[in-house]
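Working notes, structure below.
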Amino acid sequence: MQSPFPTLFKTAAAAASILIMNACSPASEDNAGQPEPQTGDGDSNAIAKADFGETKAGEATEIYTLTNKNGLVAKVTTYGATLVELHLPDKDGNLVDVINGFDNVAGYEGDGNQYFGCTTGRVCNRIAKGKFTLDGEEYTLATNNEPNHLHGGGDKALSKQVWKAEPSAEAQAVTFSLTSPDGEEGYPGNLSMKVTYTLTDENELRIDYEATTDKATPVNLTNHAYFNLGGAGSGTILSHELTLNADNYTATDDTLIPTGKIEPVADTALDFRKAHVIGERIPDKEAKETADCETSTLGYDHNFVVNGEAGTMRLAARLKDPASGRVMEIHTDQPGIQFYSGNFLMEQEGKGGKKYPFRGALCLETQHFPDSVNHEDFPSTILKPGDTYSTTTVHRFSAE
Ligand code: GLA
């Protein structure tokens with residue numbers, strides 16, 4: 001029988017926000033933990049800062065805690081400008097951490113880290129065969145997801161660097177900055193970036209990105225958070241209900257590189273225009289382990305074309321966990337969103353000893369289309385000197 005999936009990923013290798021909760025205080029606290037406030041005693045806006053450990057290279061890292069008036073908590077670290085924790089209330093006000101991650105930087109540097117919560121780039125997703133031509137010059141990047149380039153490449157991908165943090169004095173926000181030098185990971189131009197995480201009192205986690213360059217270069221930044229609205233490490237996301245505001249998706253070859261065709265989702269397992277339970281149209285774990293399921297039936301790993309005008313904020317996705325009632329809406333100005341159903345999660349141990357099983361969490365990565373740099377008719381990812389790359393994604397949380 002032909003798979004209902006158009007094309008899926010072949011190898012099992014390489015593999016923020018706003019909550020409109022009931023304006024009530026949480027009924028109970030999970031173990032969010034409150035590090036020491038960073039600034040002055042009695043400063044109610046103080047953003048707590050703590051040590052997150054040393055990298056293998058001996059660099060110090062920090063973790064910052066953002067808290068809103070409803071008790072929601074987000075923690076972010078300088079390592080990879082990464083979202084580490086996100087504590088959201090369920091319909092009874094019980095807080096739980098819904099994000100995959102690790103207790104310290106050593107975990108993030110370990111084999112179990114599959115881009116958990118990181119800022120991904122310089123170019124997230126795939127570039128075919130790690131090659132592109134710009135202004136007459138051919139560039140070669142790492143093919144770290146054979147045969148393609150994935151998520152910015154090797155050791156100097158943005159997700160593996162220590163960023164500089166600047167906590168805000170006015171808002172529950174931290175801005176991370178990093179300059180990636182000309183030629184780093186094979187990309188042209190000195191690229192200066194800022195990523196700001198803001199936790200609002202309207203129960204939103206907002207992520208703002210900015211970048212400038214001194215030489216034309218492709219840029220496509222996203223956040224790679226893995227969500228399980230029932231709680232990270234609490235089973236699979238197969239019973240979550242997903243709605244995607246997308247009539248079309250970018251068709252790919254079997255290495256997940258777009259063919260260039262924009263195809264309708266109608267009459268495929270990719271049609272999430274009305275809410276669908278995620279497990280409804282993908283095979284179970286056993287089927288996945290049989291030989292013919294290793295390719296096209298592994299699960300969702302697709303770029304959807306968000307309806308409406310790129311460059312304007314609009315709804316991209318709505319995710320609900322019916323058991324807890326937690327709901328997340330994602331609004332973005334990006335043209336696309338990659339829905340990845342945690343197909344390569346491998347029972348690795350994360351925060352507090354929790355295990356992250358196959359399809360134990362999912363990613364909804366707002367971004368430009370994969371391999372845009374090799375597709376002239378896709379919205380451009382080229383940033384030119386004098387221009388500012390600027391994009392925003394808002395995660396809005398509620399419970400019902
Ligand atoms: C993205 C990709 C997936 C996989 C994960 C990381 O979402 O599309 O194929 O590489 O990252 O494991």
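The values are calculated or read from the model by the stated rules, or taken from the named source; none is laboratory data. What you are looking at is a predicted structure, and each value in this text was computed from that prediction instead of being measured. Note: ideal-geometry Cβ built from the backbone for every residue, glycine included; neighbour counts use all protein chains shown. Ligands, DNA and RNA are excluded from the accessible area calculation, which covers all protein heavy atoms including side chains. Shrake-Rupley method; radii C 1.70, N 1.55, O 1.52, S 1.80 Å.
Table: residues versus (1) open to solvent by less than 10 Å² (accessible area, probe 1.4 Å); (2) within 21 Å of the chain's Cα centre (by Cα).
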site	(1), (2)
Pro167	no, no
Thr175	no, yes
Thr179	no, yes
Thr196	no, yes
Thr222	yes, yes
Glu263	no, no
**Fill in**
Within the range 111-151, of all residues that are basic (Lys, Arg) and on the phi < 0 side of the Ramachandran plot, the one farthest from the ligand (Cβ to nearest atom) is Lys131
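Do we find that Thr120 is touching a His at 6+ places or on another chain (Cβ under 8 Å), crowded, with 21+ Cβ neighbours inside 10 Å, hydroxyl-bearing (Ser, Thr, Tyr) and modelled with pLDDT of 95 or more in this structure?
yes
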**Asked** Out of Thr243, Thr213, Thr268, which single residue is of a type in the set (Ser, Thr, Tyr), more than 16 Å from the ligand (Cβ to nearest atom), open to solvent by less than 60 Å² (accessible area, probe 1.4 Å) and within 25 Å of Thr175 (Cβ to Cβ)?
**Response** Thr213
**Request:** Assess whether Leu362 counts as being aliphatic (A, V, I, L, M), touching a Gly at 6+ places or on another chain (Cβ under 6 Å), farther than 24 Å from Pro89 by Cβ and within 14 Å of the ligand (Cβ to nearest atom).
**Result:** no
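Is there a residue being within 12 Å of the ligand (Cβ to nearest atom) and either part of a helix (DSSP H, G or I) or buried (at least 24 other Cβ atoms within 10 Å of the Cβ) (or both) anywhere in the range 100-110? Talk me through it step by step, then tell me what you get.
Step one: of the range 100-110, the residues within 12 Å of the ligand (Cβ to nearest atom) are 100.
With either part of a helix (DSSP H, G or I) or buried (at least 24 other Cβ atoms within 10 Å of the Cβ) (or both) added as a condition, the list becomes 100.
Yes, the conditions are met somewhere in the range 100-110.
Is it true that Ala169 is among the aliphatic types (A, V, I, L, M), touching a Ser or Thr at 6+ places or on another chain (Cβ under 9 Å) and within 16 Å of the ligand (Cβ to nearest atom)?
Details: among the aliphatic types (A, V, I, L, M): yes; touching a Ser or Thr at 6+ places or on another chain (Cβ under 9 Å): yes; within 16 Å of the ligand (Cβ to nearest atom): no.
Judged against the criteria, Ala169 is not a match.
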**Complete:** Per the filter on the range 376-388, residues open to solvent by less than 30 Å² (accessible area, probe 1.4 Å) and either farther than 27 Å from Thr175 by Cα or assigned to a strand (DSSP E or B) (or both) are Phe378, Leu383
**Message:** I'd like the full set of residues that are within 17 Å of Thr388 (Cβ to Cβ) and surrounded by fewer than 24 Cβ atoms within 10 Å (Cβ to Cβ), limited to the range 181-194.
**Reply:** Asn190, Ser192, Met193, Lys194
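Is it the case that Ala157 is within 16 Å of the ligand (Cβ to nearest atom) and either more than 30 Å from Leu88 (Cβ to Cβ) or among the aliphatic types (A, V, I, L, M) (or both)? Talk me through it step by step, then tell me what you get.
Details: within 16 Å of the ligand (Cβ to nearest atom): yes; either more than 30 Å from Leu88 (Cβ to Cβ) or among the aliphatic types (A, V, I, L, M) (or both): yes.
The answer is yes for Ala157.
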**Item:** Criterion violated by Thr133 - all others in (1) open to solvent by 30 Å² or more (accessible area, probe 1.4 Å); (2) touching a Gly at 6+ places or on another chain (Cβ under 7 Å) satisfied
**Value:** (2)
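Would you mind stating whether Leu256 is on the phi > 0 side of the Ramachandran plot and within 19 Å of the chain's Cα centre (by Cα)?
Numbers: on the phi > 0 side of the Ramachandran plot: yes; within 19 Å of the chain's Cα centre (by Cα): yes.
Yes; evaluated as a whole, the condition is true for this residue.
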